[in-house]
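Undergrad: I have a structure here, written as structure tokens, and I will follow up with some questions on it.
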Amino acid sequence: MKFSPSPQARHLAIALAASAFLAACGGGSSNDSIQVVATADAFTLAPGQTANLLANDRVDDRPATTTNASFALTSGTPPAGITVSNGTVTVAATAVPGAATLTYRLCDIADAGNCATATAVITVPAPPIVATADSFTLASGASGDVLANDTLGGARATAASVTVSATGTLPTGVTLSAAGLVSVGSTATPGSYSVAYRICQTVAPTNCATATASVTVPSAGSLAGRVVDSATALGIAGVRVSVGSASATTDATGAFNLTGVPPGERVNVVFNASTHAETSRIAAVSGTGTTDVQARMVALGTTAQVDAATGGTVNVPGSTAQVVLPAAGVQRADGSIPTGNITVRVTPIAPASDTAVMPGDFTTLVSGAAAPIESFGALNVTLADSAGAALNLRSGQTATIRIPLSTRSGSPPATVPLFFYNPSTGRWVEEGTATLAGSGTARYYQGTVAHFTTWNADQVYNTVRVTSCVADANGVRIANARISSDGIDYTGTSSAITDASGNFTIPIRRASRAVLVGISGGSLTNSFNAGPYTADTTVTQCLTLGQLGSGVTMKLTWGERPSDLDSYLFLPSGARVSYQGTGSLTAAPFANLDVDDTSSFGPEVVTITRLMVGTYKYAVNNFSGQGSGFIGASGARVELSIPGRSIELFTPPGTGESTSTEWWQLFELDVDAQCNITVRRTGTFANSAPTAAASSTPVYCVRPAS
């Protein structure tokens, strides 16, 4: 009987035969039919870009992905800044330009033995680097950044992304740092220079660009002078004197010398001391020579501790000056809030007694033009935390201040604008108003302020223009002389410069009186009492410089009481200059009382235009008598100006004045035959005037020709 297999048996037999055949051929896995294909790549990737190495690879004729394939680098290390993860290439901003070749293996995710390999070339191109020409005007001590307008990869180049080097010889005194700062030192010669430089990418030193910086070193001036206490006339040591980045410190006598000052018609010179209120003077600085700058600083009125959280009131003893601080109302420059006690320094400033104690030059800007202002008193306030860091009011917070009235005017306004001093511009800036309060000698202006500096109760006043001229002793006109005015019945100053013909025009307050004086080459002119004028006026008599080496002046100012102090100059010939005999500038005795003030404040000015050989004596008499006030309590001061020297300031002695001592004897001037002057301070109160010399024929000194 013949056997016939079932259909199931036949199928099994076929399967076994097939298996035997595959085994004979070396197969065995059911996934061997899946094909893995890895294709070479070549990418150019800028920093910040990415690429996928799997994009052109396939598994089982499907796109390779992280779900059907595994990825691994088999050779080549990615350079710094390039990362490869699961086939994704990422180029960071720190990647070094260049080409890198990598080899990778791609495998079937279900069968680690089913793989293929390929190479990838990753090219990071050099980013575009651009160096742009620069132009700087840099005084000694200043610097400029050549990278400010240079770019790398479209972004601003920085000291972290590029290095800078000079490609040529640098001018003497000029340096260029690797960070791109071109700096001018004190040895640099004024002039214009070209500084050629190269910038190169830090991570790719061959990726470079070049440019040229034009550097102008302006002519630098220098300042010299002395800083004194406004009340004692004693020099103040340790005062920081600064103009921009240039600074110097006063010595034990208050003297200073500051070099490297950029020239300018209005240079703001700032004076800082721990014992006195900050002040500023405006100076005209040329590129040659030394400019004399004298400063009078007001001693701190009071220093108090106030809790920052609760605020509080600070009063200045013996004054109506006051500051009321709000609770939690102050902050540091970085916006942080202090805790605990803060230090409050408050100093009242009385410009009526001495306009030279006011910061700046009594000007503000109105529609962009300088305008003179009249002061009725000022107050300086500074705040500091326990570590000495400066504080100021927080945004939205205000403080109340009281400014003691200080004016030469007989009718101060009921309300007046408030101005603050901007030490960056050297100008007063209007912000707010204040109201007159109090009575008698205890009047003050009260207002609110949103920040602290020196605040001034001021107003812009109507002016008239006074035109005149400056000439020397021979009548020759003097160009570039500086003219100053000082109000007699108002508290304000102004200034002007003579033109090529020696002419000037200066503003003073309308319908008011002011003293005019000129200075040229360190020599002062006589003083002139101008006004009151209700219209522009021309004065035909020139202000006159004295003979060579003379032009000595004595300027007396004081406070409201006593109403009348008188200047007396006793001459070597026995003559006397005072209100009883004012003298003459152009004839013997060649000394004159230019101004005689009888209604408080002064000034009274005595000028010598030709020097006699012998001894001059200068004294002040309390004409009003002590019943109207003592000299020592009047704020009296005398400025002695001798050509070629710094101004000397004299203030009354602290003791020795009584109801019978109506004279203040200040100094004697010894003059030899060559016009050399020796100053001998006396500084005493006396019952009588200095002893006058015996009457004699004047002998005038003659300065040797230089």
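The values are calculated or read from the model by the stated rules, or taken from the named source; none is laboratory data. What you are looking at is a predicted structure, and each value in this text was computed from that prediction instead of being measured. Please note: Cβ atoms are built from the backbone with ideal geometry, for glycine as well, and neighbour counts cover all protein chains shown.
Undergrad: For region 303-357, what are the residues that are among the acidic types (D, E) and closer than 16 Å to D385 by Cβ?
TA: Correct list: D307, D334.
Undergrad: Still on this structure: Could you say whether any residue in region 402-410 is basic (K, R), farther than 16 Å from T320 by Cβ and within 23 Å of the chain's Cα centre (by Cα)?
TA: No.
Undergrad: While we're on this one: For region 480-515, how many residues meet the condition of being of a type outside the set (F, W, Y) and either closer than 19 Å to T364 by Cα or assigned to a strand (DSSP E or B) (or both)?
TA: Matching residues across region 480-515 total 22.
Undergrad: List the strands (runs of 3 or more DSSP E) inside region 147-210, counting only whole elements, that have at least 1 residues being hydrophobic (A, V, I, L, M, F, W, C) and over 31 Å from the mean Cα position of the chain (by Cα).
TA: Filter on region 147-210 gives 162-166, 191-201.
Undergrad: If I go through region 296-334 residue by residue, how many of them are within 16 Å of N380 (Cα to Cα), touching a residue at least 40 places away in the same chain (Cβ under 8 Å) and either crowded, with 16+ Cβ neighbours inside 10 Å or acidic (D, E) (or both)?
TA: 14
Undergrad: So which pairs qualify, if the first residue must be in region 174-187 and touching a residue at least 60 places away in the same chain (Cβ under 8 Å), the second must be among the aromatic types (F, W, Y) and crowded, with 21+ Cβ neighbours inside 10 Å, the Cβ gap must be under 7 Å, and the two must be at least 6 apart or on different chains?
TA: none
Undergrad: Okay, next question. Just the residues that are within 20 Å of V298 (Cα to Cα) and of a type outside the set (V, I, T), please, taken from region 350-373.
TA: A350, P351, A352, S353, D354, A356, M358, P359, G360, D361, F362
Undergrad: Moving on. Which members of region 443-457 meet the condition of being under 23 Å from the mean Cα position of the chain (by Cα) and crowded, with 18+ Cβ neighbours inside 10 Å? Walk me through it before giving the result.
TA: Applying the first criterion (under 23 Å from the mean Cα position of the chain (by Cα)) to region 443-457 yields 449-456.
V449, F452, T453, T454, W455, N456, listed by residue number.
Undergrad: From the residues in region 661-699 that are among the hydroxyl-bearing types (S, T, Y) and under 14 Å from G574 (Cα atoms), which one is surrounded by the most Cβ atoms within 10 Å (Cβ to Cβ)?
TA: Here the answer is S696.
Undergrad: Only one of A95, A100 is surrounded by 17 or more Cβ atoms within 10 Å (Cβ to Cβ), within 59 Å of the chain's Cα centre (by Cα) and not in a strand (DSSP E or B); which?
TA: Values: A100 fails: not in a strand (DSSP E or B).
Step by step, each of A95, A100 is checked, and only A95 is surrounded by 17 or more Cβ atoms within 10 Å (Cβ to Cβ), within 59 Å of the chain's Cα centre (by Cα) and not in a strand (DSSP E or B).
Undergrad: Check every one of the strands (runs of 3 or more DSSP E) wholly within region 232-304 and list those with 1 or more residues that are under 30 Å from G191 (Cβ atoms) and within 13 Å of the chain's Cα centre (by Cα).
TA: Where strands (runs of 3 or more DSSP E) fall fully within region 232-304 and carry at least 1 residues being under 30 Å from G191 (Cβ atoms) and within 13 Å of the chain's Cα centre (by Cα), they are 240-243, 246-249, 255-261, 264-272, 279-285.
Undergrad: Suppose the filter is assigned to a strand (DSSP E or B), surrounded by fewer than 23 Cβ atoms within 10 Å (Cβ to Cβ) and either hydroxyl-bearing (S, T, Y) or assigned by TED's automatic domain parsing to the domain that holds I647 (or both); does T534 pass it?
TA: Values: assigned to a strand (DSSP E or B): no; surrounded by fewer than 23 Cβ atoms within 10 Å (Cβ to Cβ): yes; either hydroxyl-bearing (S, T, Y) or assigned by TED's automatic domain parsing to the domain that holds I647 (or both): yes.
No.
Undergrad: Among T364, T339, which is of a type in the set (V, I, T), part of a strand (DSSP E or B) and either surrounded by fewer than 19 Cβ atoms within 10 Å (Cβ to Cβ) or not assigned by TED's automatic domain parsing to the domain that holds P603 (or both)?
TA: Result of the check over T364, T339: T364.
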